[in-house]
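Input: a single structure, listed below in C-alpha cells.
The values are calculated or read from the model by the stated rules, or taken from the named source; none is laboratory data. Note that the structure is predicted; figures quoted are calculated from it, not measured. FYI the Cβ positions are ideal-geometry reconstructions off the backbone, even for glycines, and counts take in every protein chain you see.
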Amino acid sequence: MNKLASCFLQHGAPHTQIFKSYHVQRSPSLQLLENRSVSMTRHRAADRAARGTIVDVAVDSGTSFDFESYLSAKARAVHDALDLTLQGLRCPEVLSESMRYSVLAGGKRLRPVLAIAACELVGGTAAAAVPVACAVEMIHTASLIHDDMPCMDDDALRRGRPSNHVAFGEPTALLAGDALLALAFEHVARGSAGAGVPADRALRAVVELGSVAGVGGIAAGQVADMASEGAPSGSVSLGALEYIHVHKTARLVEAAAVSGAVVGGGGDGEVERVRRYAHFLGLLGQVVDDVLDVTGTSEQLGKTAGKDVAAGKATYPRLMGLKGARAYMGELLAKAEAELDGLDAARTAPLRHLARFMAHRQH
Amino acid sequence: MAMSFHFHPLAASRVHFSPLPFAAAAGAPSPSSSVAIAAHHQHGRRRFSAIVATAAAASAATTEFDFKAYMGERAVAVNRALDAAVPAGEPPAALHDAMRYALLAGGKRVRPALCLAACAVVGGPEPWAMPAAAAVEMVHTMSLVHDDLPCMDDDDLRRGKPTCHVVYGEPIAVLAGDALLSLSFHHMASVGSYPPDVDPEKHPARVVRAIGELARCIGSEGLVAGQVVDLEMTGTSETVPLERLEYIHLHKTAALLEASVVIGAIIGGGTDEQIERLRKYARSIGLLFQVVDDILDVTKSSEELGKTAGKDLASDKTTYPKLLGLEKSREFAEELLSDAVEQLACFDKEKAAPLLHLANYIAHRQN
C-alpha cells in the first residue's frame, strides 16, 4: 500500500474542513484560535516551534497568497489536461475506460501541482510544466494499479472504490498500467515539444521520470517493501524503512519537482535546491502519513486507521516513538523550507505553503 | 514472440510436443542443427518458390552480403549494450537479477538489428542508434515478461527456459517488466548513452521524436492495444474476422517492428520521406512475420517450432490459412515481401542490403 498516495488522494473529508484548518494556521489574526488548536494535540516544545514557523510564513509571504485557490486551480488544470490526453487516444474501449477509471478518479494532484510550482519558481510557465505534471500523475497511477493487483498488495479497494483489477480484470489492469507508463513518456516527449520546451530539457525530464518509475525509484521501493513484509516483527531498521519510503514515494515527489524545474529552464544550482526541497517534502509526507495512521480516525483517513500497526508494518512512530516522529516532521519541514531561503518570495510562496500543508494535514 | 498454434485437420496424427533446443537457434548452430537447417531450407524453397524467385531477383546485386555474419555481429553488440545497461549486483538485487534474466536470455535480436540497419540505410553511423536498439529489445522483453504471467498467457517456458515469473515470482516479474519499460526511455534519453560524434544541434530533437514514436507504438495505440484485443476473445469459440486478426497482428507485432525501424531512421538523420518509406517497409514485414508464423503452424510440427499446445488467444484460434486458405496465405506473404522490398528501392543498394535480407529472413525462416 502506498500510504502517501492514499492520503494524497483521499476524498474522506470535505475540502472546507482541510482548508479551514489550514487557514486558521496561516492567518495571524487567528493566532489565538490556532494556539488552542495546537495545544490540544502537541507537545509544548512543538507548540513553540510551530508558532515560530507560522510567524515566519506571515512575514515571508504576507496574507495575499491564496494557497487554497492556487491548489484547486492547478489541480483542475491538470485534471483537464489528463482528461484531454486520454480522450485523444484511439484504442480499444475497455483499455480507455480502464485507464480513465484510475487516472481521473480525483485526488488533490499534489505531485503535478508541485511540478508546476517548481517550473514557475525558476521562471518557467505553467504551460511548459503541464506535460511533465500529467506524466507524473500517469506514472503514479500506473504504480498504484500494479501495486493493488493480487500478486502484489492485493487491495480490492482504492479510495473507497473497487481497484482497477477488480473493476476490469487482472489482464486489463496489467495492460492499463503498462499503457499509462508508455503514455507518460510519450506525453513528455510530444507535449513538451508542443509547448515549446527545448529538446534537451525534455530529455532531462525523461531521464528523471525514467529513473523514478523503475530501478531508481518506485519499482525498487516496492521490491524492498515486499521483502520487509516477510521480515520478523521489529527487524526492519530505520535505514531500511527510509529506503522504502525514499524509493517508493519520495523519489516521485522529487522527480515531479525536478522535472518541473528542468523544463522551466532552471540552472543546475536551482534544480538541485528544488531536488533537496522535494526530497524532504516527500519524506515529510510519509512520516505524517504514519503518524496519522496512529492518531487519526478512520473517518478522517478515509480508510481503516491503525491498519499498518495491526499488520505489523514498520512505521516511524513504531521505530522512533510518536514524539520522535513528530520531532522528525518538524525537522523535515524546516529543511525543506531552508532550501527556499534567499529565493524570490512571491515565487517560493506556493512551495512554502505546500510544505506547510503537507505537514499539517489531517489525512 | 508468442507463436500461434492451430490443430490442422490433417495433423491429427501429432501426439508428441517437445520444444526445440533454442540454444541452437539463439547461438551458433551445432553441426547437426546446421544440417537440419539446411534440409529445412531445401524443403522450404520448394514451397516458397515464388517468393524465393522474387527475393532472388531483388537481391541479385548483393549476393556477397553475409546475412548470418551480420546478424551474429549485431546480436553480440546488442547483448553487450544490454549487459552494460542493467549492471549485475546493484540493489535491489532481486529486481536487477530478474531484469537481466529476462533481457539476456538470448534471442535473435531482430528488432535491434532492424533499428541499426535503418539508421545505416539513411546514412547514420550505427553506434548512434545503439541506445535505441537496446531500448526496443527492453520493450520487447517487457512485453514477453508480462505476457507470460498467469493472468495473461500463463506460460511457464520461454525459449526452452522457465519464464521470469516462474523463477522470481509474479510480483518481481510485474515490477521487472515495469522497470524494463522505464529503463528503455531512460536509456534513450540519457546523453551519456550516445557516442560523442552525434550532431549536437540536431540530436536532442531527434531523440525526443524517437521517444515519442517508441512510446506510441508500445502503448494504448500500439502493442498494448493488440494484447487487449487478443485477450478480449479469450474463452469464446467465435472466429475472428480478417480485419480484426490484422488489427491484432499490426498492433501486437508490427507496431514494435515499425518503431524499431522508424526510430533508427530518425536518429540516423533520415528525411521525413525516408522515414515514411521505412515505416511502410516495417509494417509489411511485421505483418509478414505473422502470416509466415501461421503458415509454419500448418506445415510444421509442434516439436519443430518449440512451442506449447493449448493456446487460447484470439490470434491462436484464428489464422490466415484458416481464413484465406494455405495457398492464398502464401500469395499474401509474397505480396507483403514484395511491398517491403519495393520500399527499399530508393535507397543505396549496399546500405539497404541488411534490411533486404532481414525481410527475406522473415519470409523464409523455419521457426
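Please tell me if residue B:135 is within 14 Å of chain A (Cβ to nearest Cβ), assigned to a helix (DSSP H, G or I), surrounded by fewer than 23 Cβ atoms within 10 Å (Cβ to Cβ) and of a type in the set (Gly, Ala, Ser). For residue B:135, the condition - within 14 Å of chain A (Cβ to nearest Cβ), assigned to a helix (DSSP H, G or I), surrounded by fewer than 23 Cβ atoms within 10 Å (Cβ to Cβ) and of a type in the set (Gly, Ala, Ser) - is not met. Among the residues of segment B:239-260, count how many are modelled with pLDDT of 95 or more and either in contact with a strand residue (DSSP E or B) (Cβ under 8 Å, 6 or more places away or on another chain) or not in a helix (DSSP H, G or I) (or both). Qualifying residue count for the region: 0. The set of residues from segment B:261-278 being at pLDDT 95 or above and either closer than 21 Å to residue B:242 by Cβ or part of a helix (DSSP H, G or I) (or both) comprises B:261, B:262, B:263, B:264, B:265, B:266, B:267, B:272, B:274, B:275, B:278.
With respect to being under 23 Å from the mean Cα position of the chain (by Cα), more than 23 Å from residue A:98 (Cβ to Cβ) and either charged (D, E, K, R) or at the interface with chain B (Cβ under 7 Å from one of its Cβ atoms) (or both), residue A:224 fits the description.
Given the structure, is residue A:201 more than 7 Å from chain B (Cβ to nearest Cβ) and within 27 Å of residue A:91 (Cβ to Cβ)? No: the conditions fail for residue A:201.
Contact map, segment B:334-353: first residue within 15 Å of residue B:285 (Cβ to Cβ) and at pLDDT below 90, second residue of a type in the set (Val, Ile, Thr) and part of a helix (DSSP H, G or I), Cβ cut-off under 6 Å, separation 6 or more or different chains; pairs are B:334/B:51. For residue A:111, state whether it is away from chain B (no Cβ under 11 Å) and in contact with a Leu (Cβ under 6 Å, 6 or more places away or on another chain). For residue A:111, the condition - away from chain B (no Cβ under 11 Å) and in contact with a Leu (Cβ under 6 Å, 6 or more places away or on another chain) - is not met. Please go through segment B:92-132 and pick out each residue that is of a type in the set (D, E, K, R) and within 14 Å of chain A (Cβ to nearest Cβ). Within segment B:92-132, B:97, B:100 meet the criteria. Looking at segment A:138-151, can you tell me whether even one residue there is at the interface with chain B (Cβ under 9 Å from one of its Cβ atoms) and under 19 Å from residue B:187 (Cα atoms)? The answer is yes; a qualifying residue exists. Once segment B:66-76 is narrowed to residues that are modelled with pLDDT of 90 or more and surrounded by fewer than 19 Cβ atoms within 10 Å (Cβ to Cβ), the residue that is farthest from the other protein chains (Cβ to nearest Cβ) is B:66. Looking only at segment B:155-195, residues that are more than 12 Å from chain A (Cβ to nearest Cβ) and in a helix (DSSP H, G or I) come to 3 in all. Consider segment A:210-221 and keep the residues that are crowded, with 24+ Cβ neighbours inside 10 Å and more than 7 Å from every other protein chain (Cβ to nearest Cβ). The one that is nearest to residue B:135 (Cα to Cα) is A:212. If you go through segment B:241-274 and pick out every residue that is touching a residue at least 40 places away in the same chain (Cβ under 8 Å) and over 22 Å from residue B:314 (Cα atoms), you end up with 15. The single residue among A:144, A:157, A:203 that is surrounded by 18 or more Cβ atoms within 10 Å (Cβ to Cβ) and without any contact (Cβ under 8 Å) to a residue 60 or more places away in the chain turns out to be A:203. Is it true that residue B:208 is hydrophobic (A, V, I, L, M, F, W, C) and at the interface with chain A (Cβ under 8 Å from one of its Cβ atoms)? Yes; evaluated as a whole, the condition is true for this residue. With respect to the conditions (1) assigned to a loop (DSSP other than H, G, I, E, B); (2) more than 10 Å from every other protein chain (Cβ to nearest Cβ); (3) crowded, with 19+ Cβ neighbours inside 10 Å, residue B:152 falls short on a single one, namely (2).
Can you find even one residue in segment B:245-257 that is within 10 Å of another protein chain (Cβ to nearest Cβ) and surrounded by fewer than 22 Cβ atoms within 10 Å (Cβ to Cβ)? Checked segment B:245-257: at least one residue is within 10 Å of another protein chain (Cβ to nearest Cβ) and surrounded by fewer than 22 Cβ atoms within 10 Å (Cβ to Cβ). Restricting attention to segment B:251-271, the residues being of a type in the set (Gly, Ala, Ser) and closer than 19 Å to residue B:225 by Cβ number 4. When segment B:211-230 is filtered for residues that are buried (at least 24 other Cβ atoms within 10 Å of the Cβ), facing another protein chain (nearest Cβ under 7 Å) and assigned to a helix (DSSP H, G or I), the ones remaining, listed by number, are B:211, B:215, B:218, B:224, B:225, B:227, B:228. Residues that are within 9 Å of chain B (Cβ to nearest Cβ), of a type in the set (D, E, K, R) and in contact (Cβ under 8 Å) with a residue 24 or more places away in the chain occur at least once in segment A:167-187. For the subset of segment B:134-175 comprising residues that are among the acidic types (Asp, Glu) and under 16 Å from the mean Cα position of the chain (by Cα), which member is farthest from residue A:170 (Cα to Cα)? Checking each candidate, the answer is B:137.
Among the residues of segment A:325-345, those that are more than 19 Å from residue A:275 (Cβ to Cβ) and in contact (Cβ under 8 Å) with a residue 40 or more places away in the chain comprise A:326, A:327, A:328, A:329, A:330, A:345. Return a yes/no flag: does segment A:233-248 have any residue that is among the polar types (S, T, N, Q) and either under 30 Å from residue B:201 (Cα atoms) or not in a loop (DSSP other than H, G, I, E, B) (or both). Looking through segment A:233-248, none of the residues is among the polar types (S, T, N, Q) and either under 30 Å from residue B:201 (Cα atoms) or not in a loop (DSSP other than H, G, I, E, B) (or both).
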